[in-house]
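Notes follow the structure.
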Amino acid sequence: QVRLVESGGGLVEAGGSLRLSCAASGSISSAETMGWYRQAPGKQRELVAIIIRDGRTNYGESVKGRFTISRDGAKNTVFLQMNSLKPEDTAAYYCYAIVSSTVYWGQGTQVTVSS
């Protein structure tokens, strides 16, 4: 069983930065993939970034060059550094992990970017 808890969301002005954290209660060293999705009101959940066990990363087109995903295996934590934030980045951000082919989700953290 893996429990994911996000933190770091909040209100920021356009052009600002935020860093999200996702702490796993269990070991994520065996997680095949971890990442972040987001969902804005009235929109479908969309990929933000993923990091695969071998360290490879992949990003949604709208955040490439602005967001960076990383993981700290020793602390069982995944981070999302978000720079040059735009109002359209406003959404609830959800951490997820795939462990032994089972998908786990966090409860989400709200990011609001004002113009």
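General remarks:
- Taking a Cβ cut-off of under 14 Å around K43, the surrounding Lys, Arg, Asp and Glu residues balance to a net charge of -1, with basic ones at +1 and acidic ones at -1.
- Annotation for L11 and N58: the two label points, set 7 Å from Cα along the Cα-Cβ direction, are 3.6 nm apart.
- Note on region 45-115: dipole from Cβ charges, positive end direction compared against T112, A91, L80; the farthest Cα belongs to L80.
- Computed magnitude of the charge dipole of region 30-78 (debye, nearest 20; Cβ of K, R +1, Cβ of D, E -1): 140 debye
- Here the dipole of the chain is about 100 debye; that uses its Cα centre as origin and unit charges on the Cβ of Lys and Arg (positive) and Asp and Glu (negative).
- Relative intensity, log₁₀ I(q)/I(0), of region 1-63 from a Debye sum that treats every alpha carbon as a point, q = 0.15, 0.29 Å⁻¹: -0.59, -1.34
- The 3J(HN,Hα) values that the Karplus relation (6.51, -1.76, 1.60; θ = phi - 60°) gives for region 90-107 are, in residue order, 4, 4, 8, 9, 10, 8, 9, 9, 10, 10, 6, 6, 9, 9, 10, 10, x, 7 Hz. Gly and Pro appear as x.
- Under 10 Å, Cβ to Cβ, from A91 - net charge with Lys/Arg +1 and Asp/Glu -1: 0
Every number here is computed from the coordinates shown, using simple stated rules; none is lab data. Everything numeric in this text was worked out from a predicted model, so none of it was measured. Quick reminder, even Gly has a Cβ in these numbers, built from the backbone with ideal geometry, and neighbours come from all protein chains shown.
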